[in-house]
1. Can you tell me which residues in the range 136-180 are in a loop (DSSP other than H, G, I, E, B), polar (S, T, N, Q) and under 24 Å from the mean Cα position of the chain (by Cα)?
2. Can you run down the residue pairs with Cβ atoms below 6 Å, 6 or more apart or on separate chains, where the first is in the range 84-107 and polar (S, T, N, Q) and the partner is surrounded by fewer than 16 Cβ atoms within 10 Å (Cβ to Cβ) and in a strand (DSSP E or B)?
3. Working carefully through the options Glu195, Glu165, Glu179, find the one that is surrounded by 12 or more Cβ atoms within 10 Å (Cβ to Cβ) and either under 24 Å from Asp37 (Cβ atoms) or among the small types (Gly, Ala, Ser) (or both).
4. Test Asp84 against the criterion of being at pLDDT 95 or above, open to solvent by 40 Å² or more (accessible area, probe 1.4 Å) and acidic (Asp, Glu), and give yes or no.
5. Of all residues in the range 148-160, count the ones that are farther than 9 Å from Thr122 by Cβ and touching a Leu at 6+ places or on another chain (Cβ under 6 Å).
6. Being open to solvent by less than 40 Å² (accessible area, probe 1.4 Å) and either of a type in the set (Val, Ile, Thr) or at pLDDT below 95 (or both) is the requirement here; does Ile111 meet it?
7. Kindly indicate whether any position in the range 50-71 is modelled with pLDDT of 75 or more and touching a strand residue (DSSP E or B) at 6+ places or on another chain (Cβ under 9 Å).
8. Looking at the range 90-103, is at least one residue closer than 23 Å to Ala187 by Cβ, of a type in the set (Ser, Thr, Tyr), surrounded by fewer than 16 Cβ atoms within 10 Å (Cβ to Cβ) and in contact with a strand residue (DSSP E or B) (Cβ under 9 Å, 6 or more places away or on another chain)?
Amino acid sequence: MKKSTPALLTATLLATALSPTLGAETCSRAQIDRYLDLGYSLAKITRLCSADAPREAAATAPSAGQATVDPATVVYLQTAIDADEVKIDGDRITLTQDRCFPYGETGYGDIRPSACVTRKVTIPRKGLKIGEVVESRFLIRDGKLIVRGDIRQTFGKTEKLRKRELRGLLAQYPEHLSEFDVPVKPAMKRKKVAEALEKLAK
């Protein structure tokens, strides 16, 4: 997509301002463009492109397995995905959510029962495919971002659940999945998140 004049001017000014002082560690024009597309502030781009960039990237990477992943992609997904933790390793993406999950049939007052537990969803990077991507529209439709692969979901902190409640939860949320609707924060565009996830596919 062709960039607007303000975006081109911003990237040009940044590249010009950074180049005299940062030498070999200065970001390329393409890197600056990518950071602008991700919505990073000028201050953050300057930090990422500074002499301290290697240390900052190392600090934001959750594990050594992320060495082959663009740090900006990691930070973006951790910001955009609606999960308490987003971990990206060399071979998988793991989402952890601590919240209440509805299950079963609606009961009195048209309310479904729910279980407040910890869900962990593991998506292998090998074989990861992006399926349907639909942006949400307020009061019109819910959004969706479907990923496909050999996906697993497990639950922790289930000790307080009754056996009947646990059975109902697991019936609604099976361990083995062929596709999963990635939860995305309201302010984020699912298309952008899908593009970032696609970069991790092997």
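1. Answer for the range 136-180, where residues must be in a loop (DSSP other than H, G, I, E, B), polar (S, T, N, Q) and under 24 Å from the mean Cα position of the chain (by Cα): just Ser136.
2. Pairs found: Thr96/Glu85.
3. Glu195
4. Taking the combined requirement at face value, the residue satisfies it.
5. 2
6. no
7. yes
8. Yes, because at least one residue in the range 90-103 is closer than 23 Å to Ala187 by Cβ, of a type in the set (Ser, Thr, Tyr), surrounded by fewer than 16 Cβ atoms within 10 Å (Cβ to Cβ) and in contact with a strand residue (DSSP E or B) (Cβ under 9 Å, 6 or more places away or on another chain).
The values are calculated or read from the model by the stated rules, or taken from the named source; none is laboratory data. Please read all numbers here as calculations on a predicted model, not as lab measurements. We place every Cβ from the backbone using ideal geometry, glycine too, and count neighbours over all the protein chains shown. Ligands, DNA and RNA are excluded from the accessible area calculation, which covers all protein heavy atoms including side chains. Shrake-Rupley method; radii C 1.70, N 1.55, O 1.52, S 1.80 Å.
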